[in-house]
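The values are calculated or read from the model by the stated rules, or taken from the named source; none is laboratory data. Since the structure is predicted, the reported quantities are computational estimates derived from the model, not experimental observations. Every residue, glycine as well, gets a Cβ built from its backbone with ideal geometry; the counts of neighbours run over all protein chains shown.
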Amino acid sequence: MTTTAESTSTTVDQRAAGVAPNLARRAGFFRDVASIAARSLRQARREPETLFPPIFVPVFFFMILVGSLEDTFGHTGLNDFRAFQLPVSVVLAVTGLTRAPSVVTDITTGYFERLLLSPVNRMALLLGMMVADAAIVVALCVPVLVMGAIVGVEFVTGFVGILAFVVFATAWSIAYVGILYAVALRSANPTVTSQTFLLYFPFVFLSTTMVPREAMKGWLSTVAGFNPLTYVYAALRSLITEGWSGPDLLKGVVAIVIVGACTHTLAYAALRGRVSRSRP
């Protein structure tokens with residue numbers, strides 16, 4: 001009681017002196033990011049069913065594509081076509097894997113507004129969830145790479161190449177999810193957010209997902225040349241079969257940076273709009 005009375009007295013004295021009372025201290029940007037990321041990871045751990053499709057779907061497509069097309073496009077060797085398709089499985093597993101739907105839940109339940117009443121850094125609200133997304137992506141890359149090793153896919157770049165492969169896949173995933181966070185923050189609608197995955201279909205089917213670009217003809221080859229995922233695939237595949245190919249890796253980095261710059265600009269603009277609308 002005495003402590004409470006002294007605290008109240010101090011607050012009154014501060015206000016009388018024209019000084020804002022110290023009701024809460026900022027924890028710091030990185031501490032805020034870590035706190036938001038930890039909360040998102042705890043939520044993901046309580047929802048394991050959300051992680052099953054990202055593992056099952058790419059494994060299923062890998063088996064179907066290799067089983068049906070290996071004899072047609074695997075003329076350069078048994079492992080080559082499997083190595084060609086392994087990046088597809090990883091990209092399918094990690095693209096769109098995000099905690100963006102939880103943003104909608106936070107907004108509709110009022111938790112997001114309560115967060116804004118705290119001294120948490122506003123950018124950390126979004127970046128923290130993306131850090132959690134990156135951690136989940138890295139974890140999901142492991143079973144897909146293990147599957148590749150089981151069927152005989154070997155990295156000519158060795159263990160360092162595997163690490164670079166995971167970094168590339170994670171970077172692509174984080175670059176892409178910006179659009180999902182933008183939709184979630186802008187709409188606060190679970191249906192609209194869940195349907196945003198449809199935006200990924202042009203990336204998948206208008207790129208080198210199924211066959212090499214050399215096997216494409218006409219307009220499809222032209223469109224694939226403008227598709228950033230084509231260059232992400234090329235970078236990932238080069239780490240498996242070609243070695244440290246500077247041009248392929250550089251083009252992959254540029255493609256990821258361009259996509260990330262566009263989607264994250266939209267995401268942070270949506271965050272600013274949501275914060276301004278949520279102010280009392």
Query raised in the report: From the list S173, S207, S221, which one is under 28 Å from G67 (Cβ atoms) and at pLDDT 90 or above?
Result: S173
Report summary line: With the first residue restricted to the range 169-198 and required to be touching a residue at least 40 places away in the same chain (Cβ under 8 Å), and the second required to be among the acidic types (D, E) and part of a helix (DSSP H, G or I), Cβ contacts under 9 Å at 6 or more apart or on different chains are T170/D133; S173/D133; I174/D133; V177/D133
Report task. From S221, S194, grab the single residue that is under 20 Å from the mean Cα position of the chain (by Cα), assigned to a helix (DSSP H, G or I) and surrounded by fewer than 18 Cβ atoms within 10 Å (Cβ to Cβ). Result -> S194
Query raised in the report: Just for the range 225-268: of the residues that are buried (at least 17 other Cβ atoms within 10 Å of the Cβ) and β-branched (V, I, T), which one is nearest to Y181 (Cα to Cα)?
Result: T263
**Report entry** Matching residues, the range 92-140, being without any contact (Cβ under 8 Å) to a residue 40 or more places away in the chain and in a helix (DSSP H, G or I)
**Finding:** D106, T109, Y111, R114, L115, L117, V138, A139
Report task. Answer with yes or no whether P202 is within 14 Å of P87 (Cα to Cα), surrounded by fewer than 21 Cβ atoms within 10 Å (Cβ to Cβ) and not hydroxyl-bearing (S, T, Y). Result -> no
Report task. Among the candidates M147, M130, single out the residue that is among the aliphatic types (A, V, I, L, M), over 28 Å from I64 (Cα atoms), modelled with pLDDT of 85 or more and in contact with a helix residue (DSSP H, G or I) (Cβ under 9 Å, 6 or more places away or on another chain). Result -> M130
